[in-house]
Amino acid sequence: MERDRQEQIDYLLEHYQHPINRRALPQPDVTIPGGNPGCGDIVTIFARVSDDGEHLEEVTFTGEGCTISQAAASIVMEKLQDEHPSLEQIKEMDYKVLEEELGHEAMAMRPRCATLALGTVKAAVKKIERDRMLRAAGIEPPVAPTKFTA
């Protein structure tokens with residue numbers, strides 16, 4: 001969907017001011033912090049795996065930072081909620097999908113901010129898969145920190 005510059009700004013502000021799934025998820029299967037400590041952008045992804053083991057039943061975020069990082073997190077949550085991709089499809093998601101949503105200008109000016117949430121969701125999926133492999137080998141996975149540390 002092609003938006004002019006003002007529509008793009010309004011779209012980002014709407015997601016920043018009224019984010020989708022911005023809350024901690026009770027009893028998540030995985031909690032992954034991510035951030036750009038240099039600029040203060042932080043997101044924590046909470047995810048619960050569906051009964052089929054191949055999708056995220058629910059995924060939410062908390063965070064703080066610039067408009068782009070937080071709006072992008074909301075946009076990623078909306079996309080995951082609406083499209084319900086498999087874990088494999090999430091791992092394969094290209095950052096270009098965000099460029100379509102956020103606009104070329106935001107991606108070009110602030111790529112780390114714009115891709116923080118998607119990168120953290122991908123890390124959550126990888127942790128889910130690693131934990132499965134460890135459990136299959138009879139090893140209990142380590143508990144990850146719930147706060148991002150620089």
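For the chain, lysine pairs with C-alpha atoms less than 16 angstrom apart, excluding pairs fewer than eight positions apart on the same chain, total 8.
In a reduced charge model with +1 at each Lys and Arg Cβ and -1 at each Asp and Glu Cβ, the chain shows a dipole moment near 780 debye about its Cα centre.
Sorting 82-90, 105-113 by their mean Cβ neighbour count within 10 Å, with the most densely packed peptide first, gives 105-113, 82-90. Per-residue Karplus couplings for the range 21-34, computed as 6.51 cos²θ - 1.76 cosθ + 1.60 with θ equal to phi - 60°, are listed in order as 6, 8, 5, 6, 9, x, 6, x, 6, 8, 10, 10, x, x Hz, Gly and Pro entered as x. Coupling constants for the range 80-91 follow from the phi torsions by the Karplus curve (6.51 cos²θ - 1.76 cosθ + 1.60, θ = phi - 60°), and in residue order they are 5, 5, 6, 8, 6, x, 6, 4, 5, 5, 5, 4 Hz; glycine and proline get x.
If the segment from Val97 to Ile139 were pulled out straight at 0.36 nm per residue, it would be longer than the present Cα-Cα gap by 11.5 nm.
Only Cα pairs under 8 Å and 6+ residues apart enter the sum, and on that basis the relative contact order of the chain stands at 28 percent. The slack between Glu64 and Arg23, meaning 0.36 nm per residue of separation minus the straight C-alpha distance, is 13.6 nm. Near the amide H of Val49, within less than 5 Å, lie the amide hydrogens of Asp29, Glu57, all on another chain or at least 5 residues away, with H placed in the peptide plane.
Only helical runs count toward this figure. For the chain, summing -39,500 (n - 2.57) over DSSP H runs of n ≥ 4 and dividing by all residues gives -15500 deg cm²/dmol at 222 nm.
To the nearest ten degrees, helix 111-136 and the longest principal axis of the Cα atoms of the chain are 10 degrees apart.
FYI, it's all coordinate maths here, none of it is from the lab. On a predicted model such as this, the values are computed, not experimentally measured, just so you know. Cβ atoms come from the backbone with ideal geometry, glycine included; neighbour counts cover every protein chain shown.
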